[in-house]
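Input: a single structure, listed below in structure tokens.
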Amino acid sequence: MTHRSAEKAAAAFAAGPVLVVVALKCALEVAVAGRYGWHRDELYYAVAGLHLQGGYVEFPPATALLAALARELFGWSLVGLRAFTILAAAGTVLVGALAARELGATRRVQTLAAVMIGFSPGVLATNLLFQPVALDQLTTMVVLWLALRLALGRGSWPLLAVAAGIGLETKYTIAVVLVLLIATFLVWRRDVLRSWGLPLAVAIAAVLLVPNLVWEAGHGWTSVHWFLNPPPSGSDETRPQFLVNLILLTAVAFPVAVAGVVSLVRIRGLRPLGWTVVGTVVVYFVLGGKSYYALPVVLFALAAGAIPLDRWATRRRLRVASALFVATGLLVLPLALPVLPLHTAVRLGIVKARGDYQSEVGWPAYVRLVERHAAGADVIVADNYGEAGALELFGRGLPPVASADVTMRYWRPQVAGRRALLVGYSRRAAGFCSGYRVVARISAADDSNEGGQPIARCTLRSTLARVWPSIVATQD
């Protein structure tokens, strides 16, 4: 397909079949949205929704805004919170099908694109938890779709600017895609950039970023320092692991993504889109990013690859490919979504195999344990945001909860007394207090990754305000 034919080839949108795919995807995710419990990150984002501000250490404000909205609509409902990421994932499927349509995809091809985007293993695994990941997939897909429309001569700079601004307030990683889009358009499609719409788009995106920039300036550009020196994470990958995981994210459909990139690169007018996909993967590989950071552009490549897939897919080939896709999906489904009962997943080693599941179990028992030992304490000091978030959301009759982990360090409660209950601090790490005495340990039941952490009593060496720099130092 040439650039000229692509300009004329937008077919009717396959609304019916695509909406069926979306409905099936949403039904599957809603059915398991209450298992196995709140993820430690979700606890953090929910608490962030109680502290609305222009920015947070490691994420922009959109996630906290949605968490606050979820609380207003549904209370402290896990399913209500996750409804936003489920809807975002549905939007990603719809926009992916629209992107395929822009490239001239028939109704069958749009449906194929929707199925691959909606049900690839990595997509299912990242579309349930309330995290910026699923939101980033939607905003990135919208940006690439609107950029594609610009390349085809039927786009809108203001719309692209709004999408870019919202994307930057959702997850900072979309900046990589935006920079690469501008660079590749400068090389191959300068005619698009000569429009008066570009400076207007930059202005719109900048205005949308103002709240975040103001917050960052007022907090010493803490997010920049955090991203330059990120703490270790359970999802860190070696570079070989990055490549393997990138393929596994879409599994059987990965060759379709490769075909999509090749088809875009072969058309000069669409080459910026193809090289943006390649460049994004390369940037994350070189800079040590995680494979799922590149998933949004891979999903766009799947949308583009559905067209060469359609040319290749005879009836027999499509049956074989579909069978492989379904078989692979069913095989990894318990790892992607909590479809198994918790005790079954624990017995089969699935919870231990996926860190996200380990971060979802054990919170109610942990909160009840802390409640039993909190009497007489003036403050609870928790080592990480999951421990602090669970107490904030579910604790009853507890003293103020403090944590110096990431953005929580800015939310220190006003406490006069010095009697503290520590959660997750070893004697060595608790140099800011005296009389350290372990009173309990968090249960390791169901393979909880908080299992074994100490709960201890101590007396702060001074007021909480005065020892706070020492507590913050334990996190840096």
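None of the figures in this text is laboratory data; all of them are computed from the coordinates on show. In this text, all values refer to a predicted model and were calculated from it rather than measured experimentally. Neighbour counts are summed over all protein chains in view; Cβ atoms, including those assigned to glycine, are modelled from backbone coordinates with ideal geometry.
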Inset, instruction - Would you kindly derive the ³J(HN,Hα) couplings of the range 186-202 from the backbone phi angles with the Karplus curve 6.51 cos²θ - 1.76 cosθ + 1.60 (θ = phi - 60°), listing them in order in whole Hz, with x for Gly and Pro? - result: 5, 7, 10, 9, 4, 4, 5, 6, 6, 5, 4, x, 5, x, 5, 5, 4
Legend entry - Order of Y357, Y36, Y172 under a 10 Å beta carbon neighbour criterion, fewest first: Y172, Y36, Y357
Legend entry - Around Y284: net Lys/Arg minus Asp/Glu count, Cβ-Cβ under 14 Å: 0
Legend entry - the range 390-409 and the range 430-445: distance between their alpha carbon centers, rounded to Å: 16
Legend entry - Inter-label distance, nm, simple model (7 Å from Cα along the C-beta direction), A175/A327: 4.5
Inset, instruction - In whole angstrom, note down how far apart the Cα centers of the range 248-267 and the range 321-352 are. - result: 25
Legend entry - Mean-position separation - Cα centroids, the range 108-150 and the range 18-49, in angstrom: 15
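Could you tell me the calculated FRET efficiency between V79 and Q241, based on Cβ-Cβ distance and R0 = 25 angstrom, to the nearest 0.05?
Rounded to the nearest 0.05, the efficiency is 0.15.
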Inset, instruction - Among the trypsin sites (Lys or Arg not before Pro) in the range 89-182, which ones are in a DSSP loop with at most 15 other Cβ atoms within 10 Å of the Cβ? Mind listing them? - result: R154
Legend entry - Peptides ranked, highest mean first, by Cβ atoms within 10 Å: ranges 377-383, 239-245, 20-26: 377-383, 20-26, 239-245
Inset, instruction - Quick one: dipole size for the range 84-194, taken about the Cα centre, charges +1 on Lys/Arg Cβ and -1 on Asp/Glu Cβ, in debye to the nearest 20. - result: 380
Legend entry - Spin-label pair L19/Q475, simplified geometry with 7 Å Cα→Cβ offset, distance in nm: 4.6
Inset, instruction - Report the full-extension gain for the segment A416 to R266: residue separation times 0.36 nm, less the Cα-Cα distance, to one decimal in nm. - result: 47.2 nm
Legend entry - Most positive-pole-ward Cα, N384, C26, V406, against dipole of the chain from beta carbon charges: C26
Inset, instruction - Could I have the simple spin-label model distance between K352 and R190, label points 7 Å from Cα toward Cβ, reported in nm to one decimal? - result: 6.1
Inset, instruction - Enumerate the calculated ³J(HN,Hα) couplings along the range 359-372 in order (Karplus 6.51 cos²θ - 1.76 cosθ + 1.60, θ = phi - 60°), each rounded to whole Hz, writing x wherever the residue is Gly or Pro. - result: 7, 9, 9, x, 5, x, 5, 4, 4, 5, 5, 5, 4, 5
Inset, instruction - Report, by chain and number, residues whose modeled amide H sits under 5 Å from the one on L422, excluding near sequence neighbours (fewer than 5 apart, same chain). - result: V381, A456, R457, C458
Legend entry - Among 208-219, 79-90, 119-130, the order from most to least packed when residues are scored by Cβ within 10 Å on average: 119-130, 79-90, 208-219
Legend entry - Within the chain: Cβ-based charge dipole about Cα centre, in debye rounded to nearest 20 (Lys, Arg +1; Asp, Glu -1): 960
Legend entry - Selected from S470, G16, L246, residue furthest toward positive end of dipole (the chain; charges at beta carbon): G16
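Can you show me the helix-derived [θ] at 222 nm for the chain, built from DSSP H runs with n ≥ 4 at -39,500 (n - 2.57) apiece and divided by the number of residues, rounded to the nearest 500.
-19500 deg cm²/dmol
What is the gain in length, in nm to one decimal, between N229 and A365 on full extension, counting 0.36 nm per residue of separation less the C-alpha to C-alpha distance?
45.6 nm
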Inset, instruction - Show the residues, 5+ positions off or on another chain, whose built amide H is closer than 5 Å to the amide H of S156. - result: L150
Inset, instruction - Taking the Cα centre of the range 363-473 as origin, work out the dipole magnitude from +1 charges on Lys and Arg Cβ and -1 charges on Asp and Glu Cβ, in debye rounded to 20. - result: 600
